[in-house]
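Please read the structure below before turning to the comments.
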Amino acid sequence: MIGLNHYLVLAGILFAIGLIGVLRRRNLLMLFFSTEIMLNAANVAFAAISNFYNDLSGQMFAFFVIAIAASEVAIGLGLLILVYKKENTLDLDDLASMKG
Amino acid sequence: MDALMIGTIIKILIILLIVSAIAGFGTYIERKVLAFMQRRLGPMHVGPFGLLQIAADGIKLFTKEDIIPQNANKFIFSLAPTITAATAFIAMAALPLFPTFTIPEALPLIGGAIVPSVIADINIGILFILGTMAAGLYGPLLAGMAQSNKWGILGSARTAVQFLSYEVVTGLSVLAPIMLVGSLSLIDFNDAQIGGIGSWLIWQQPVAFILFLIAGFAETNRTPFDLLEHEAEIISGYVTEYSGLRWGMFFIGEYTNMVTISIIAAVVFCGGYNDIGFVSGWLLFILKVVFFFFLMLWVRAAWPHVRPDQMMWLCWKVLMPLAVVNVVITGIIIML
Amino acid sequence: MFEQIAFYIFSVLTIGLFLVTVFSKNVLYAMTSLASGMVLIAGFFFLVGADFLGVVQLIVYVGAVMALYAFGMMFFNVTKDLKEKTTSNIWVMIVGVSVALLMTLMFGGVVNPEAIYASLPINSNMTNPQAVGMALFTKYLVPFEVAAIMLLIAMIGGIILAGKKMDTSLTNIEDEELQRKDVK
Amino acid sequence: MESLVYIALFAPLVSSLFAGLFAMTPKKQFVGVISSLLLFVSFAASAILAYHIASTNEVIHVKLMDWIVVGGLNIPFGFIADYVSVTMMVVVTLVSTVVHIYSIGYMDHDKSFNRFFSYLSAFVFSMLVLVMSDNFAGLFIGWEGVGVCSWLLIGFWYHKADVTRDINPSISPSWAANEAFIMNRIADLGMLVGLFIIYWNVGSLQYDIVFAQIPNLAPAVLTAAAAALFIGAMGKSAQFPLHTWLTDAMEGPTPVSALIHAATMVTAGVFLVIRANPIFSVTPEVSYIIAALGTFVAFFAASMALVNRDLKRIIAFSTLSQLGYMFAAAGLGAYWIALFHLAAHAFFKALLFLGAGNVMHGMHNELDIFKMGGLKKAMRGTYLYMGLASLALAGIFPLAGFYSKDAIIETAFNEGNLILFVILIITAGMTAFYSFRQVFLTFHGDERYHEFGIHPHEMYKYVLIAMSPLAILAVIAGWFKGWFNGFIIHMLPNYEMSEHTHHLALYITLIVSAFAIGGIILAYIKYNKGLVRSEKTEGSFVYKLLSNQYYIPVIYEAMISKPYAELSKLAWKADMKIVDALVDLIAKIIYAGGDKTRGMQSGNLSNYLNWMAVGAIALLVVAILSLFVA
């Protein structure tokens, strides 16, 4: 039988994958992708908890996470395009102009 | 294996076979209809009335050389047509086609099986269909991006813009009938219009119906919104580099989507598969679907296609506000 | 039984697809696998009975968010491999695996089910979309409206950021004028 | 009647604020006039109140508003006009009014004329708060207000530079002001401790509640409270060993001295003892110490006055001495006699100071009586006033001082305390001597001021007229002794001479008068002709001891100020080496840390994300650990 722990562990693994992506990649677009993976991992956990504890709040959280992801992509993509137009690259190593 | 399971499998087979056949047959009808509208004869030479033209085209398509451009991303390139075809058929899973019926016991092997009206009657049916059709945009999108061809890229850019924009209108226009019926299941839609022509939702929601049809044309990439692959502008858009079977799959997917839109229009707005008087529902249903299918061809013959900016203007400045107003008015009327 | 099979197939597929996303050198692969992963995540939502959430995932995430990313990707050549200096794999692996282990440890063993109670119990008389609607327009009305405002702001922001010359339509401009502009 | 209480109380405040409006502007005559008028209004209200209380025996108790309501602590801004406070109010406002009018003339040429009136009225207001409050907390507010105003006024000429003790024993006005303030702060601590003891044991600071609770309190508590309160009184009333500030306070303008000595400041201590008499009357040990200390101070101060050359200082020492008398009376239980002496003393002491101010004004700020002499020709009015006041001070029949001082000495005899009695009689003789030494050296004999090129002149007419009420009262105040006794015993315990003293009273009076007249005659013989300085006398040990105030200021400086300064320097060094160094160290560590970790700010978002991930992992570990712990 599939229990809550199965879903949570899956969510944890997915989150770790997203985190690895965030750590590993230097391309802004890939960073966005990794972030989406992490958000989705959280959503899976939310939905699973919602189901196993018979509580709708988890799904509500997931909805708002999706709403946030949607706004993030609207703004993030706009910025991405601007950065690309200006610098002609999306690589973070090339964008490091705020060195302390 | 209970009766329902067998029935479901039968239904799946029916859909796969009939609908893909329709895609082939649809091309014939389209050519014929267009020809008659343009005062010519259309395909005439292969078989009686050119009926075997379908088979000839099929043979040609399946035996054509399968070309993959050198700089293309081969995996994605070959994956893209599958997505279009697959999503089109998946969407069909939640569509009701005819009333639930039981196959007579007399038939061997499958006798007594209950064939359901819908393969998977999930309680979010119409949203599921819209969602899958939305996922269908990846076909053209990936195809255009994978083929390393500027017409392809332009095609996929147009795909993204057009589909994303018109999804909004589709959703909003369907929202008003959903509010009236109070359910997302297409079966419930059908049941809500059981009382003859007068109870059709088209009379209560004419604006939504027209909006849905227009958006449906855009979603299925039909004239006057066939900008994704408009030959005069971008060669063939996302299908520029495709040939043979892969091209055929796009083709099948497109026609399946046309059928899907026709069915949704029939079920949601035009009374579904309910009997009217002595005329049985399934016959009426087929007639309705055929009418909508024919409408699409008719429009193609009658209308010039629009410019991309006109299309976006239409979507965001005309259709979407109309849809929103329609939803608001519907809500107010329901509350009253 | 069916749920079990589906869960394991979906899990393996999702993990595999997301790994491709994270490790792929090709943006197109990454995007495709991510979008497919999203579809499978929607599958998980259907599995745990969150039908509406699943459809929203399909429409919003798969249909809109990822499509927008794809649209953004059209600004550069996606068939070419990315040239980026990735952080050393050992270091990343240590961090990632330790996070995975910690979370597994936390979720797999330590969560105390008795300590959790439903603050918004699911009404079994309603279908999932109905229940979601009820919750969204009663208890979560304010967050819902705030989210709506947030989306509106994001939309305006996106328009302002990306489309500075939205009103000028190239197709409406006369050809000579266009050429003059090019010369300039 | 309630409005009269408020008028009496707040008229000086209005005056102070009004004058304060013009504090930064050049002299304006009307400021002084209006201030004096407001003070007169306050005096009139007080007088009406006094008449009202005397005629109807009705105590007026008003509550302005709640002040502190915290938990069990409830202190209102309550004011009371009863027999004691109304006596004080009349004395304070009368003397203050005269001083205000006097100041218009005296401060004529001062550029801070307006500021002076603001301070002066604030001083009176503080004193009225002190006197009229119906609880110890309000009294303490007034107490501190008086302290602040005295600091402002003593240091009024703060711009004068510090000089050595040989030139000016008080060093400078600001030094004197600080000394007065600090000494008072030391004593105020005792006062505060007393208030805390009372609140801790009674739970209230209202006079009536506290006094009603006295029978229920342990003797030790009462003794501690009484002792602590008396320490406060010692500071304000400049009792030994906290007396040095009083003579140094002469650095302030002369009207301030008059105010401090006659009405507002030093009498506060005596007032406290009288006000809290229910506490002191049940603690005989403390009372006896008060009496003994008072007697000692009376003699001690008088002895220093014998040889002093500074006109104002002589009068200051005499104040100290008379305060000793008051405390002796209060300590012996004769509270009403102490209050009576306080009132009578206020009139003639104010007169003396204002007269000294006239002399100072006429002599262009010269205060050394060795440089004066024969001034009676130039300053006839002042001479009259000063002589009258000195007679009253010496206790010559039938002037005010005679009645009040005689009663105190009689009380000492009545208590059977012969040592105190003898000392007080001798002190009475010394009082007469130094008072008239000062009068004769100033107004009689050869005109020594010519050598210093000074042309003395009389004070303005209106000033002399304004002083006349004080002169009249200095003469007649004593005649109301019997009436006052009848008035005040409604509130204070009566003190009756016992039978055997009663028929000896005449002899005691005669002895006291003999000592007083003897002192005057001695002074006349020695100084009437003029100043005869003898090297032998001035070189003697006793003379030097007295003229140097028993070397007490020097001892204080050597024993307390210097070691304290050393200690402060040590603490400053510790502060620099330890505290400051620690603070600097923290800053340095942060700075160095910032310098070292600056590399982390590579501007590369990827690096930041990595660090963020590390932080997230740390948080996860904490979360898991806390789960396990829980």
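The values are calculated or read from the model by the stated rules, or taken from the named source; none is laboratory data. A quick note: this is a predicted structure, and the numbers were derived from the prediction, not measured. Reconstructed Cβ throughout: ideal geometry from the backbone, glycine too, with neighbour counts over all protein chains shown. Accessible surface is based on the protein model in full, side chains and every heavy atom, while ligands, DNA and RNA are left aside. Shrake-Rupley method; radii C 1.70, N 1.55, O 1.52, S 1.80 Å.
Here the simple spin-label model places points 7 Å from the Cα toward Cβ, and for B:V290 and B:E65 these points are separated by 4.2 nm. The calculated FRET efficiency for the pair C:K85 and D:T223, based on their C-beta separation and a Förster distance of 60 Å, comes to about 0.10. If R0 is taken as 22 Å, the Cβ-Cβ distance between B:M5 and C:N125 corresponds to a FRET efficiency of 0.20.
Based on the Kirkwood approach, the hydrodynamic radius assigned to chain D is 26.4 Å, with every pair of different Cα atoms included. Taken across both chains, chains A and D shield about 1000 Å² of accessible surface from a 1.4 Å probe. Note on B:K74: lysines with a C-alpha under 21 Å away, same-chain residues under 8 apart excluded, are B:K64, B:K150, C:K25, C:K80, C:K83.
Of the residues C:V65, D:V621, the one with the largest accessible area comes first in the ranking D:V621, C:V65, computed with a 1.4 Å probe on protein heavy atoms. Considering only D:W67, D:A343, D:A224, and ranking their Cα positions along the charge dipole of chain D that arises from unit charges at the beta-carbon of Lys, Arg, Asp and Glu, the one farthest toward the positive end is D:A343. Per residue, segment B:1-144 exposes 50 Å² of solvent-accessible protein surface, assessed with a 1.4 angstrom probe and all protein chains in place. If a helix is a whole DSSP H run, which ones in chain B reach 27 Å or further along their own axis (Cα) and hold a mean Kyte-Doolittle hydropathy of at least -0.5? Helices meeting the criterion: B:74-92, B:150-181, B:244-264, B:281-302.
The C-alpha atoms of chain D define a longest principal axis, and helix D:136-154 lies at about 80 degrees to it. When all protein chains stay in place and ligands, DNA and RNA are ignored, the 1.4 Å accessible-area order of D:H109, D:H52, largest first, is D:H109, D:H52. Its Cα centre serving as origin, the protein assembly as shown has a Cβ charge dipole (Lys and Arg +1, Asp and Glu -1) of approximately 2640 debye.
Counting heavy atoms of the protein chains alone, D:M250 has an accessible area of about 20 Å² for a 1.4 Å probe.
When the charge dipole of chain B is built from unit charges on Cβ atoms (+1 for Lys and Arg, -1 for Asp and Glu) and taken about the Cα centre, the candidate among B:P104, B:G171, B:L127 whose Cα reaches farthest toward its positive end is B:G171.
About its Cα centre, the dipole of segment A:4-87 is roughly 400 debye, where the only charges are +1 on Lys and Arg Cβ and -1 on Asp and Glu Cβ. Between D:L64 and D:F77, D:G78, D:F79, the built amide H atoms are under 5 Å apart, and every one of these is 5 or more places off in sequence or on another chain.
For chain B, excluding the exposed loop sites themselves (trypsin sites (Lys or Arg not before Pro), DSSP loop, at most 15 other Cβ atoms within 10 Å), the longest remaining stretch covers B:65-336. Mean partner shielding of peptide B:132-140, defined as the number of other chain Cβ atoms within 10 Å of each residue Cβ, is 5. Packing here is the average count of other Cβ atoms within 10 Å per residue, and on that basis the peptides D:12-21, A:5-14, highest first, run A:5-14, D:12-21. Could you let me know the centre-to-centre spacing of segment D:1-18 and segment D:43-75, using Cα atoms, in angstrom? Going from one Cα centre to the other spans 13 Å. So which lysines pass the test for B:K11, namely a Cα distance under 21 Å, with those fewer than 8 places away in the same chain ruled out? Here the lysines satisfying the reach criterion relative to B:K11 are B:K288. Peptides D:85-92, B:87-94 ranked from most to least packed, by the mean per-residue count of other Cβ atoms within 10 Å: D:85-92, B:87-94. Going through segment D:151-192, which trypsin sites (Lys or Arg not before Pro) have at most 16 other Cβ atoms within 10 Å and a DSSP loop state? Hits after loop and neighbour filter: D:K160, D:R165.
Here the label points at D:V422 and D:T537, each 7 Å from Cα along the C-beta direction, are separated by 2.6 nm in the simple model. Counting Cβ atoms of other protein chains within 10 Å of each Cβ in A:77-90 and taking the mean gives 4. Residues of segment D:163-184 with the amide nitrogen closer than 20 Å to a label point 7 Å from the Cα of D:K562, along Cα-to-Cβ, please. Within reach of a label on D:K562, which here means backbone N under 20 Å from a point 7 Å along Cα→Cβ, segment D:163-184 contributes D:163-172, D:179.
Taken along the Cα-to-beta-carbon direction at a fixed 7 Å, the label points for C:Y117 and D:A623 span 2.4 nm.
Overall, segment D:135-282 carries a charge dipole of about 180 debye about its Cα centre when +1 sits on the Cβ of Lys and Arg and -1 on the Cβ of Asp and Glu, all other atoms neutral. Looking at segment D:1-133, the accessible area is 37 square angstrom per residue; that uses a 1.4 Å probe and ignores ligands, DNA and RNA. The mean count of C-beta atoms from other chains within 10 Å of the C-beta of residues in B:154-163, rounded to a whole number, is 3.
Split the accessible area of the protein assembly as shown by element, probe 1.4 Å, and carbon with sulfur accounts for 71%. Positive end of the dipole of the protein assembly as shown (Cβ unit charges, origin at the Cα centre): among D:M379, B:A91, D:L585, the Cα lying farthest that way belongs to D:M379. The residues of segment D:449-503 expose on average 58 square angstrom of accessible surface per residue, using a 1.4 Å probe on protein heavy atoms.
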